Structure formats: C-alpha cells, structure tokens
Amino acid sequence: FETPKIEIGKLLPYSFVIQFRFKLAQPYISKDETDFYIIDNPVRKDKVFGLPFVAPNSWKGSLRAAARRRSESPDILVRLFGTDKDDQANLKPEDFQAGRLYFFPTFFIKKSLEIINPHDRKRRVGKNPILIESVPAGASGVFTLLYLPFNPQVSKTTLPQQLKEDLTLVAQALHAMLCEYGFGAKTSSGFGLAHDTVQTKTGYIEVNKPDSVVITLPEPQPPTEPENIKKVRVAFPNEDFTLKPKEWRDKLRASSSQMDTYKNAREELRTYEPAQKKFQQDLEEYEAQKNMPPPATTYRPFTSLSNLKEVAKQLTDKDATNE
C-alpha cells in the first residue's frame, strides 16, 4: 500500500501515472480527527496502522490550489479536478463532472513535535507555547497520481491535445505545490515543503500509448443444440449419426417416428457441426487474447520535480505518445 503498482497498459488510452518518493524539506502538519490525544494538535494518522499520512482528498485540495495559480482555464481545472463545490450551487446535479485525477495516500513512518510560541504584540515576548505534532523534515513518502480520461463524449482526435494541456499543468502544479507553496496546514509559515530532488530511481511518468491498446474480442457463446439432435442423444446417448436412417432403424429396432427424428437430426447436424467448430476456434482466440501480456507503454524516469516539467513536455510532443 505504500508504493501502489499500477498496470497503466490495461487502462484507457492516454492514461498516465506519476509516482516518486520525495523528502520533506520542512515539517508537515495536519489536523487529526482523534477526539482524545496526549496533545491538542495531533498529526493526521491512518486508523489501521497509526502511521502519519496525507489523505487523497488532502492531496487533491493542495494540488487544485496550486493549479489555480498556474492556469486561468476553468475548463482544464474542471476536467482535472471535477466540479468545484462553490460552483455546484449554480448547476444541476446532472451537470456535475468528476475529475480525471485520482490520488493515492502517502504514508510516513516518523513523527515529531513542533513548538509555536505566539508573541504579545506590545511586549514582544512569547506566551503559552503550543505543541503541534508533525512529520519532521527529512522524512520521506511516496506520491502516486493516476490520470484517467474517462469521458466518452471526447473524440479521439481531441484527447492528444487534452493530454498535452493536462499533463503540462499537472507537472507545473506538482512542482509549485511541493517546492513553493507547500501542502498541509500552516503552509504560509513555511510548513509542508519538499526538496526538489526525488530519491534515485523512484520518479517516473508512464503513459498508455493509444496505438498499443488491444481490442478485446467478445466472449464466444456455444451454439444451441437443435431439438432433434437433443432428442436422439437423450434416447441413444452414444449415437454418432454415421448410419443411414433405414440402417439405423433396423440395427436399433426403432419406431418410424424415431427414425424420422433421427433423419431430421442428421440434416441439422450439417449446420450444427460447423457452428461447433467455429465456436471452438473463437474460444481459442479469446483465451489466447486473455493471456496476452499488457500492451507496451511510454515510460520516462525523472530525477527532480523541475525535471518532471521537462519530461512532461517531451511526452506531450506530437510524436511522443506514438513511439
């Protein structure tokens, strides 16, 4: 759960994932939902393991705020993050739109305490120091972001341009959020900043190339067995339909009506057997496709959040997604 593994090749065309391990340059502070704790300002923790973490909705809010400072296009912001709560009052429920970005939690394994000492403005001396639990500077965590262009109304010719706009803005907003504005609480005081450099061999962007998506065959359905064949096989389980009707009647001492059923079954067998063979062929192709490896994707590593912006630009060039 710390480092999610996403098989991007099995997802929609033009999907991408960004993942990297970052190190805090300044402590991270957040507000926990615990009612009773040893101090009044605990950092937010996972309820199962008790580890400090950044929840997906916290990442979304921080990145949205950074993206607003980098782009004035409401269309791109809604496309990435969905309909803003402030705008929902003016829209019908059917006009609400989900965003294309999906965030994963980031876990830390270290905790620390920060002391904030508010000063009296007249006397200019501290009064009543406040303890705040935090994740200390130097702690590291894994950031994972998934982009899914799920909107069925968007044409395939529009998606490459949208990918270019969206990936460019996401890369810029990530750098701004982590290295300039910060994330979490008290960012105006300098908390929640990260180093520009990501840990070695952890940073990458992976894009699902549109020409690598396998067209999934429908699961084949067996042909329906004709009634006359079914009746003969119920009465004579080992019947192979090789004898002519009169020979079959004399050998098995069958009645006239049974011979007529047998005769009709032999006629139906001429179309039923080829349908069975085709079903077996289609089934083999279907099973072979199910066992195929995932399609190839475009993979690019990066070493810093500044480098991420350059890599994003390379990937959104005209020929980058068709390598």
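Kindly indicate whether D250 is loosely packed, with under 13 Cβ neighbours inside 10 Å, out of contact with any Ser or Thr (no Cβ under 8 Å at 6 or more places or on another chain), charged (D, E, K, R) and outside any helix (DSSP H, G or I).
Considered against the rule, which asks whether it is loosely packed, with under 13 Cβ neighbours inside 10 Å, out of contact with any Ser or Thr (no Cβ under 8 Å at 6 or more places or on another chain), charged (D, E, K, R) and outside any helix (DSSP H, G or I), D250 comes out as no.
Residue-wise test of (1) at pLDDT below 75; (2) of a type in the set (G, A, S); (3) under 18 Å from V43 (Cα atoms).
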| site | (1), (2), (3) |
| --- | --- |
| K111 | no, no, yes |
| R124 | yes, no, no |
| I132 | no, no, yes |
| P136 | no, no, yes |
| L145 | no, no, no |
| L148 | no, no, no |
| N151 | yes, no, no |
| K156 | yes, no, no |
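Within region 42-59, no residue that is surrounded by fewer than 16 Cβ atoms within 10 Å (Cβ to Cβ) sits with its Cβ atom under 8 Å from a residue that is small (G, A, S) at 6+ positions apart or across chains. Out of E225, E247, E206, one residue alone is at negative phi, in contact with a Gly (Cβ under 9 Å, 6 or more places away or on another chain) and modelled with pLDDT of 90 or more. It is E206. A single entry from F36, F49, F16 fulfils the requirement of being modelled with pLDDT of 90 or more, at negative phi and out of contact with any Lys or Arg (no Cβ under 6 Å at 6 or more places or on another chain): F16.
Cβ-Cβ contacts under 6 Å between residues 6 or more apart (or on different chains), taken from a first residue in region 96-108 that is among the small types (G, A, S) to a second residue that is open to solvent by less than 30 Å² (accessible area, probe 1.4 Å), are listed as A98/G82; G99/L80; G99/F81; G99/G82. Here T216 meets each of (1) within 48 Å of the chain's Cα centre (by Cα); (2) of a type outside the set (G, A, S); (3) modelled with pLDDT of 85 or more with one exception, condition (3). Taking the criterion of being at pLDDT 90 or above, surrounded by fewer than 23 Cβ atoms within 10 Å (Cβ to Cβ) and farther than 16 Å from T202 by Cβ, the residues of region 19-33 that qualify are A25, Q26. For first residues located in region 64-82 and open to solvent by 40 Å² or more (accessible area, probe 1.4 Å), partners that are in a helix (DSSP H, G or I) and hydroxyl-bearing (S, T, Y) and lie 6+ apart or on another chain with Cβ distances below 8 Å form the pairs A65/Y181; R69/Y181. Within region 105-141, take every residue that is surrounded by fewer than 20 Cβ atoms within 10 Å (Cβ to Cβ) and among the β-branched types (V, I, T) and give me the one that is nearest to the chain's Cα centre (by Cα). Of everything passing the filter in region 105-141, I109 is nearest to the chain's Cα centre (by Cα). Criterion applied to K231, K164, K201 was being touching a residue at least 24 places away in the same chain (Cβ under 8 Å), outside any helix (DSSP H, G or I) and charged (D, E, K, R), and the one residue passing it is K201.
The values are calculated or read from the model by the stated rules, or taken from the named source; none is laboratory data. Source: prediction; values computed, not measured. All Cβ positions, even for glycine, are placed from backbone atoms using ideal geometry, and neighbour counts span all protein chains on display. The area values use the complete protein model at the heavy-atom level, side chains included, leaving out ligands, DNA and RNA. Shrake-Rupley method; radii C 1.70, N 1.55, O 1.52, S 1.80 Å.
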